[in-house]
C-alpha cells in the first residue's frame, strides 16, 4: 500500500494549522478573560 | 533569502488532507490532532511578528496624529487597521514570510475569533436578536441568489463542476473556511481548491479597496455599511477589515452580519456533499446532524455567551469597556495576518476564468446585498 505521506508536497509538510480546535480555544480564552475582568483580577484595559 | 512560495492552500495555514481516504468524510484536522508543546513553541516567532507589525501600525497611526495636530504637517490620516495590512503586505511581498514564522502567522485565525468572541460585550442581546435576525433573513436571500448565479456563471465559463461548487460555497458563505469545509466533503481536485482559495483571496483584497470608497461615495451610515460588508465580503478576516476601515462602529456591525452568514456554513456544505454523493463523486454523509455540528463555527457560541452575560448585567460599564479594548487588541495581530498571508504574485498568477466568474459573481452579490441593506434601511429596520 502506498504511503500517503509520499504524495504530499514539500509545502504541505512544512506548513501548519494550529494543532487544536481554534474555535473552542477562542471561546475558552475569551470566557477566561471575561471571568478575570469580572472578578477584578484584570483591571482596566485601554486600547 | 526569499522562501519559495507555498500554495494558497498551504499558505493559509491548512494542511493537505487529500491523502486521506476518499471514502470517508475526514474529521477537521484540528479535532484530530493532539496539542503538542513543541507545536506551541513553534508558533511563538510568528505570533511575535504579528504583534510587532500590529504595534508598529498603532505607533504609525499615533505618529500621524502628532504630525498633523502638533506640527501641522499634511500627513495622511491612516488608521492602524490599514497600516497593519500595508505593513503585512510589504513584508510578505518583499522579504517573504520565512518558514520559522509561518506556524505563528497561522494563529491570526485564533486572534480573529478571540476578537469576535470578546466583541460580544458590545452587543446587548436585543441588538443581536434584532439585527442578527434581520441579517439571517438577508443572508438567506443572498445565499439563494449567489449560489444560483455562481453556478450559472461557472457553466457559462465552462469551469470544472467541482471548482464551480467551491467558488459558489466560498462566495456565498465565508470564503476560505467554507471552501476548506467543503473540500473534505465533496472531494475536489487539489488544483480546484487552490484556485478557488486564490480567487476568493483576490476578491477579498479588491473589496478592501473598493468597499470603503463606495461606502463613502454613497454616504452610508456606519450600521448600513457594516452590514453590507458583512453580507457581501466573503472571507471573515477581509470582511471585518473591510468593515473596520470604514469605522470602528461599522466593524462591529460587520461582525454581527458576518457571524449570521457563517452560521449557514454547515447547511450549504451538507447540501453540496449530498449532491455530489448522489452522483457517486463524494462520500455519503451518514450522520447529518453530527456533520452540521462539526461544520458549525463554534466561536459564534462564545460571542453569544458574552453578549448574554453583558445583557444580564454581569459586567460593570468599566468592565465592558475593558472587554471591548481586549477585543481590539485581539484584532490587531489578526489584521497584520491578513496582510502577511496575501501574496500579490499568487493572486495575479491564477487563471483568468475562475477570477472572471468570481469577479462577476461578487459584483452581483455586492449589488444585491447593497440593495437589501438600503431596502431594510429605508423601511426603518436598521438605524
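With respect to residue A:47, is the statement that it is surrounded by fewer than 19 Cβ atoms within 10 Å (Cβ to Cβ), at pLDDT 85 or above, facing chain B (nearest Cβ under 7 Å) and out of contact with any strand residue (DSSP E or B) (no Cβ under 9 Å at 6 or more places or on another chain) true? Spell out the reasoning first.
Working: surrounded by fewer than 19 Cβ atoms within 10 Å (Cβ to Cβ): yes; at pLDDT 85 or above: yes; facing chain B (nearest Cβ under 7 Å): yes; out of contact with any strand residue (DSSP E or B) (no Cβ under 9 Å at 6 or more places or on another chain): yes.
Considered against the rule, which asks whether it is surrounded by fewer than 19 Cβ atoms within 10 Å (Cβ to Cβ), at pLDDT 85 or above, facing chain B (nearest Cβ under 7 Å) and out of contact with any strand residue (DSSP E or B) (no Cβ under 9 Å at 6 or more places or on another chain), residue A:47 comes out as yes.
Per-residue answers, yes or no, for (1) within 30 Å of residue B:288 (Cβ to Cβ); (2) away from every other protein chain (no Cβ under 14 Å); (3) at pLDDT below 90:
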| residue | (1), (2), (3) |
| --- | --- |
| B:12 | yes, no, yes |
| B:72 | no, yes, yes |
| B:75 | no, yes, yes |
| B:100 | no, no, no |
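Any residue in the stretch B:121-134 that's under 13 Å from residue B:323 (Cβ atoms): show its pairings with residues that are outside any helix (DSSP H, G or I) at Cβ separation under 8 Å, as long as the two are six or more apart or on different chains.
As it stands, the answer is B:121/B:315, since those pairs meet every condition given.
Kindly indicate which of B:168, B:182, B:205, B:106 is within 14 Å of another protein chain (Cβ to nearest Cβ) and closer than 30 Å to residue B:88 by Cα.
On the way: B:168 fails: within 14 Å of another protein chain (Cβ to nearest Cβ); B:182 fails: within 14 Å of another protein chain (Cβ to nearest Cβ); B:205 fails: within 14 Å of another protein chain (Cβ to nearest Cβ).
Matching residue, one of B:168, B:182, B:205, B:106: B:106.
Which of the numbered conditions does residue A:41 fail, given that it passes all the others? Conditions: (1) facing chain B (nearest Cβ under 7 Å); (2) at pLDDT 50 or above.
Unmet condition: (1).
I'm checking my understanding of the structure. Among residues of the stretch B:40-94 that are within 24 Å of the chain's Cα centre (by Cα) and not in a helix (DSSP H, G or I), which one is nearest to residue B:238 (Cα to Cα)?
Here the residue is B:79.
Quick grid of which residues meet (1) within 12 Å of chain A (Cβ to nearest Cβ); (2) under 12 Å from residue B:181 (Cα atoms); (3) at pLDDT below 90; (4) surrounded by fewer than 19 Cβ atoms within 10 Å (Cβ to Cβ):
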{"site": "B:246", "(1), (2), (3), (4)": "no, no, no, no"}
{"site": "B:280", "(1), (2), (3), (4)": "no, no, yes, yes"}
{"site": "B:283", "(1), (2), (3), (4)": "no, no, yes, yes"}
{"site": "B:287", "(1), (2), (3), (4)": "no, no, yes, yes"}
{"site": "B:294", "(1), (2), (3), (4)": "yes, yes, yes, yes"}
{"site": "B:297", "(1), (2), (3), (4)": "yes, yes, yes, no"}
{"site": "B:301", "(1), (2), (3), (4)": "yes, no, no, yes"}
{"site": "B:305", "(1), (2), (3), (4)": "yes, no, no, yes"}
{"site": "B:309", "(1), (2), (3), (4)": "yes, no, no, no"}
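The values are calculated or read from the model by the stated rules, or taken from the named source; none is laboratory data. A quick note: this is a predicted structure, and the numbers were derived from the prediction, not measured. Neighbour counts are summed over all protein chains in view; Cβ atoms, including those assigned to glycine, are modelled from backbone coordinates with ideal geometry.
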